[in-house]
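A.B. asks: My questions will all concern the structure given below.
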Amino acid sequence: MFDTFCGRGSVDDRVDGPHQVGQEFTKASYDKVARYLRPSPNEGVLDDKDGFASVYIDVDIYPITRFYLDYFANGLVLGGVMIVDDYGFLTCAGAKQAVDELVSLRSGFWHVHLLTSQAVFIKTVP
């Protein structure tokens with residue numbers, strides 16, 4: 001899990017449109033998230049040395065979506081699943097562009113656009 005805890009740091013106005021940088025998605029705090037996740041039976045066992053089996057990306061805008069796609073695509077295990085939220089929303093054109101770029105630049109992933117506006121990738125080649 002990654003969070004800035006201070007909202008979006010930057011957007012690409014040419015793709016992402018109007019956003020209030022530093023003002024949206026600022027209500028979360030590390031302490032609140034830690035308290036919420038504390039009861040989890042998997043607390044403290046996160047270890048990415050062998051790769052990622054499941055990734056969910058929901059950051060809405062191009063620059064950080066593209067960064068996370070590249071980062072996690074490189075570390076996804078064979079058969080691993082990566083879901084990108086907001087792919088089908090007109091208000092999140094940057095997320096769509098980042099996904100479309102990944103599809104055009106990389107092979108080895110089966111991908112589909114869900115009617116729930118998400119893009120799903122499954123790594124099919126090591």
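A.B. asks: Residues with beta-carbon under 10 Å from that of E101, excluding E101: net charge, scoring Lys, Arg +1 and Asp, Glu -1?
C.D. replies: Net charge around E101: +1.
A.B. asks: Separate question: With no solvent and one point per C-alpha, what does the Debye sum give as log10 I(q)/I(0) for segment 74-126 at q = 0.19, 0.27, 0.28, 0.32 Å⁻¹?
C.D. replies: These q points yield log10 I(q)/I(0) values of -0.60, -1.06, -1.11, -1.27.
A.B. asks: Please rank T65, T116, fewest neighbouring Cβ atoms within 10 Å first, as an exposure proxy.
C.D. replies: Least to most surrounded, the residues fall as T116, T65.
FYI, it's all coordinate maths here, none of it is from the lab. This is a predicted model, so every value here is computed, not measured. Using ideal geometry, Cβ is built from the backbone for each residue, glycine included, and neighbour counts are taken over all protein chains shown.
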